[in-house]
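Inspection log for the structure reproduced underneath, given as structure tokens.
Readers should treat all values here as calculations from the given coordinates under stated rules, not as data from a laboratory. Quantities reported herein were computed from a predicted structural model and do not represent experimental measurements. Note that each Cβ is placed from the backbone with ideal geometry, even for glycine, and that neighbours are counted across all protein chains shown.
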Amino acid sequence: MTYALNLINHPLIQHKLSLMRDESTSTGSFRKLLREISQMLAYEATRDLPIELVTIRTPLVEMSAPKIRGKKLCLVSILRAGNGMLDGMLDVLPAARVGHVGLYRDPQTLQAVEYYFKVPDDISARLVIVVDPMLATGNSAVAALDKLKAAGASTIKFVCLLAAPEGVATLQAAHPDVQITTAALDQGLNDHGYILPGLGDAGDRMFGTK
Ligand code: URA
């Protein structure tokens, strides 16, 4: 079974995303908006977490109260742009562990090259949420998921800000078991692998590099 794309068409997210796309938006505002959208994407991506009823006492009575059950969470950032989503995700999921996968895109081949990999030892016992704002060719995402599965991760979600149809197709073909949550599905890629209309280089825009 291939998961349907979880496209979050919420007015607040769309409004903030339009501000992020605008080239005149400052580095500070870009970062803040990404944090705010990441909070909302975390909320949407965790909609299907299982719950169980536990007995608690309010100051008035005893009740059966819903709590999340099952696997604990691990967020995994694909460096470096993925880090821009971590703070917002952790605002909503403060107890999550955090892993990092360092990949860069070879500008000629657009293939992902790994330079760093660090995740919790118990990754196999956790629900893993991989974050990267831009799902462009999908090569980095596929490489990151390959590595995470090789390290034992078995329940994985992927959360991004913008996706290109090419990246969605590549990721779904390689990892059909991974649900993709995104705030927008854009038109496609240019010859350099950038998403159109997109927002430019997400890492450069959030860190103020160029
Ligand atoms: N990475 C980015 O930062 N932007 C794109 O458009 C594609 C990949």
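Summary table below
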quantity	calculated
Centroid-to-centroid separation of segment 1-38 and segment 99-153 [C-alpha atoms, Å]	21 Å
Rounded FRET efficiency, nearest 0.05, which uses the C-beta distance separating L110 from L19 and R0 of 22 Å	0.20
Order of M1, M206, M85 under a 10 Å beta carbon neighbour criterion, fewest first	M1, M206, M85
Extension gain, K118 back to N190 (0.36 nm per residue minus Cα-Cα distance, nm)	22.7 nm
Fewest-first sequence of E114, E62 by Cβ atoms within 10 Å of each Cβ	E62, E114
Simple spin-label estimate for F207 and T55 in nanometres, 7 Å along Cα-Cβ	5.3 nm
In nm, spacing of pseudo-spin labels at D177 and I68 (7 Å Cα→C-beta vector)	2.1 nm
Proxy reagent accessibility, fewest Cβ within 10 Å first, across F30, F207, F158	F207, F30, F158
Cross-link table K32/K147; K32/K157; K72/K157; K16/K157, entries beyond 19 Å C-alpha to C-alpha	K32/K147; K32/K157; K16/K157
Cross-link reach list, aspartates and glutamates versus K118, counting only Cα pairs under 20 Å and skipping chain neighbours closer than eight places	D87, D132, D146
Alpha carbon Rg of segment 1-160, scaled by the compact-globule rule 2.2 N^0.38 Å	1.16
Crossing angle, helix 11-21 versus the chain [Cα axis fit, 0-90 degrees, rounded to tens]	30 degrees
